[in-house]
1. Got a sec to turn the phi values of region 90-97 into Karplus ³J(HN,Hα) couplings, 6.51 cos²θ - 1.76 cosθ + 1.60 with θ = phi - 60°, whole Hz, x for Gly and Pro?
2. Going by amide H atoms built from the backbone, whose H comes under 5 Å of the H on Ser160, apart from near neighbours?
3. Give the Rg (one decimal place) followed by the Dmax (whole number) of region 90-190, computed from C-alpha coordinates and expressed in Å.
Amino acid sequence: MDDSVFCSCYVLISCDIVKGMSLFLPGLDLPVPALPAGLVYTPEFINSTEERCLMAAVEREKWNREISRPRQSHGGRHGPLPDWLAAIARRLADSGHMEEVADKVVVNGYAPGQGIGAHVDDTASCGGEIAIVSLGSLVEMVFAEVAGERKAAQLLEPRSLLMLSGAARYDWSHAISARRSDPVAGMRMARQWRVSLTFRTSVRRGPATA
Ligand SMILES: O=C(O)CCC(=O)C(=O)O
Ligand SMILES: [Fe+2]
């Protein structure tokens with residue numbers, strides 16, 4: 001390889017490592033930041049027909065795509081989950097991905113360029129397992145240790161399932177950068193309209209004691 005090409009590649013790669021981005025570097029034995037414990041990624045959790053049906057169900061919600069990251073809440077204090085979400089919640093438990101059947105779901109819509117800031121999901125109202133099903137577009141989710149410096153990233157492909165529990169749920173924040181493309185195999189992949197379904201369980205509080 002011409003030295004100047006090698007140098008510019010090396011600088012780009014070094015910057016990516018410093019930023020903690022995920023890398024796919026065939027033939028180069030460079031460290032990739034470790035993912036948080038408790039993060040389990042499953043590609044193709046649903047099939048493409050199911051994805052289309054779920055997208056159609058979501059579209060019935062009449063999204064306002066003009067507002068930043070529109071979202072809809074189902075279940076929990078809003079009542080029982082609609083059938084199309086209850087079926088996925090049941091499948092998450094039956095397939096062993098979740099210990100409990102999720103009773104609430106947030107549906108997030110993202111136009112290209114929209115993201116979600118770094119956060120840890122509310123611990124007072126949500127249990128220890130979070131399941132995110134992605135529809136429509138690939139996106140990179142970034143993770144940052146709350147009481148440390150470590151960072152990591154995971155590509156979320158359409159139809160995938162991301163499970164967060166343990167350290168990944170409580171000790172690391174997760175975020176999606178507000179930008180129009182994501183790094184894939186050394187290239188940039190343009191985002192499309194993306195919808196995520198985030199399944200959680202309500203924390204049930206016992207009766208107050210005197
Ligand atoms: O859209 C996603 O994949 C993540 C959503 C999320 O983190 C949340 O609603 O708390
Ligand atoms: Fe979240």
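What follows draws every value from the coordinates through simple rules; no lab data is involved. Since the model is a prediction, treat every value here as computed from it, not as a measurement.
1. Values, residue by residue: 5, 5, 4, 7, 4, 8, x, 6 Hz.
2. The answer is Glu44, Phe45, Ser134.
3. Final numbers for Rg and Dmax: 14.1, 40 Å.
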